[in-house]
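First up is the structure itself, then whatever we jot down about it.
The values are calculated or read from the model by the stated rules, or taken from the named source; none is laboratory data. As the structure is a computational prediction, the values presented were derived from the model and not from experiment. Here the Cβ positions follow ideal geometry from the backbone for every residue, glycine too, while neighbour counts run over all protein chains shown. Ligands, DNA and RNA are stripped out before the accessible areas are found, and what is left, the full protein with its side chains, is counted by its heavy atoms. Shrake-Rupley method; radii C 1.70, N 1.55, O 1.52, S 1.80 Å.
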Amino acid sequence: MPHATLSGGKVLIIGALGIVLLLLSLWARGLVHERQQRMEEVVQDIGSRWGGEQVIGGPVLSIPYTVLERVKDESGERTREERRHAHFLPRQVKIAVTADTEMRARGIYQVPVYGAKLELEATLPRPDFAALPGEKPAEVLWQQAFLGFQISDVKGIQSVPPVQVGGAALRPESGLPVRQVLTDGLFVSLDGSQIAEGTPVRFTAELNGSRSLQFLPLGEVSDVKMQAPWPAPSFNGAFLPDSHQITEAGFSADWQVLHLNRSFPQQWPGVSQRVAGWEFGVELLEPVDHYLKIHRIVQYAVLFIGVVFLIFLGMEVVNQARVHPVQYALIGLAVLVFYTLLLAFSEHIGFAAGYWIACAAVVGLISAYSRSALGGWRLAAVPGLVLLITYAYMYLVLQLEDYALLAGSIGLFLLLAAAMWVMRKVDWYALGAKPGPST
């Protein structure tokens with residue numbers, strides 16, 4: 001059994017250094033979060049000028065009416081007139097979107113934006129107040145009816161021709177008279193009494209947006225077709241597309257949503273209905289989200305620090321090398337510098353190139369320093385080689401979306417097994433004990 005030059009007190013010091021370094025890794029995680037927040041600020045700033053995340057919906061026919069209510073106050077009982085709105089959703093909605101995408105850059109940050117051509121066709125129901133549940137209107141204000149269209153960020157509107165309702169071309173106005181159904185967008189005023197069953201509506205628009213485009217399922221049947229030259233879409237929201245095709249040249253997707261698939265009705269009087277939360281559509285993902293990958297690799301800081309410390313502990317126990325706690329601290333700090341190098345390089349040249357440059361720099365630095373600490377290149381090559389294998393294995397883990405936890409857990413197990421095997425015959429009780437007299 002080899003004579004150990006490692007004392008129990010030194011082991012405690014090295015353990016304390018490991019804990020301090022793990023706490024310092026939280027600083028690296030905070031740095032990644034700070035840079036990610038900065039990117040989000042740039043996204044919001046570009047979106048505020050170009051056009052933000054768009055949510056499209058409509059048309060919603062809203063008709064004001066009055067009801068009479070009996071109330072009591074200090075002067076006694078009296079009748080009060082209250083104004084409310086009834087809302088009628090379309091029978092069928094067909095939306096076709098063709099979008100052109102590009103990257104807008106500010107400094108080192110890039111944001112995916114799009115310009116979309118929207119064509120919406122719908123058919124309206126005949127507004128029948130007798131079929132509405134609950135209250136009975138005292139008077140229906142047909143002349144004050146309006147048709148609303150949801151466009152969540154009106155700053156992105158480039159052009160909206162007159163809206164075709166039946167045979168009439170109506171001029172759209174900005175804003176919504178009431179926000180009980182839709183929150184932002186445009187409306188056209190019309191005579192609600194002239195709306196017959198199946199009245200056609202045609203709405204077209206050109207608008208800018210960034211990152212995502214979503215739709216509200218407001219029809220009894222809502223059909224949406226979208227295509228864009230973006231190779232990395234993420235279909236999200238309440239409904240996934242019924243069919244889609246993704247190629248390097250772009251994507252196309254089709255949705256069909258029934259009114260039975262959602263929780264709000266087709267018509268209701270007087271109260272708000274929550275239609276938000278039922279959006280569906282697509283998000284334009286960047287091909288490489290290096291901040292997410294860096295955040296994931298920082299979570300494995302315990303692995304890298306543990307590997308380095310176990311290597312040098314093994315050197316001290318098995319090869320009788322002498323490594324000072326200050327040298328442990330410097331080597332551990334070199335491991336943490338890997339994260340800042342990776343973050344800095346990946347913002348300019350991408351994650352893969354930044355990863356291997358940072359890996360080569362840190363492995364080379366630790367190997368060169370280990371030559372002085374361990375007294376030669378023969379022993380110094382061991383920590384460099386093991387650390388390089390660990391970085392290569394972790395890079396492989398980062399590429400595995402669904403199996404990352406499994407691969408990482410197996411790696412930790414193999415590392416622990418190797419350390420136990422190498423130091424299986426060490427008499428830990430004899431650490432620091434002076435050897436007895438030779439016979």
Residue among Ser48, Ser62, Ser25, Ser75 that alone is more than 26 Å from Asp191 (Cβ to Cβ), among the polar types (S, T, N, Q) and more than 34 Å from the chain's Cα centre (by Cα) = Ser75
For residues in region 197-235 being under 18 Å from His87 (Cβ atoms) and outside any strand (DSSP E or B), which is most open to solvent (accessible area, probe 1.4 Å)?
-> Glu197
Test for Gln227: is it of a type outside the set (A, V, I, L, M) and within 27 Å of the chain's Cα centre (by Cα) | yes
Could you say whether any residue in region 64-71 is open to solvent by 70 Å² or more (accessible area, probe 1.4 Å) and more than 30 Å from Pro265 (Cβ to Cβ)?
-> no
Which residues, taken from region 343-372, are buried (at least 18 other Cβ atoms within 10 Å of the Cβ) and without any contact (Cβ under 8 Å) to a residue 60 or more places away in the chain?
-> Phe345, Ser346, Tyr355, Ala358, Cys359, Val362, Val363, Ile366, Ser367, Ser370
What is the residue count in region 238-259 for residues that are over 20 Å from Gln92 (Cβ atoms) and either open to solvent by less than 10 Å² (accessible area, probe 1.4 Å) or in a strand (DSSP E or B) (or both)?
-> 7
Across region 106-143, what is the number of residues that are over 32 Å from the mean Cα position of the chain (by Cα) and either under 12 Å from Ala86 (Cβ atoms) or open to solvent by less than 30 Å² (accessible area, probe 1.4 Å) (or both)?
-> 17
Region 260-271 - residue that is touching a His at 6+ places or on another chain (Cβ under 9 Å) and of a type in the set (S, T, N, Q) and, of those, most open to solvent (accessible area, probe 1.4 Å) = Gln267
Picked from region 146-192 (must be surrounded by fewer than 23 Cβ atoms within 10 Å (Cβ to Cβ), assigned to a strand (DSSP E or B) and of a type in the set (S, T, N, Q)), the residue nearest to the chain's Cα centre (by Cα) is Gln158
Under 6 Å between Cβ atoms, at least 6 apart or on separate chains: pull out the pairs that start in region 107-128 with a residue that is more than 14 Å from Arg202 (Cβ to Cβ) and end on any residue that is aromatic (Phe, Trp, Tyr).
-> Val113/Trp50; Pro125/Phe88; Pro127/Phe88
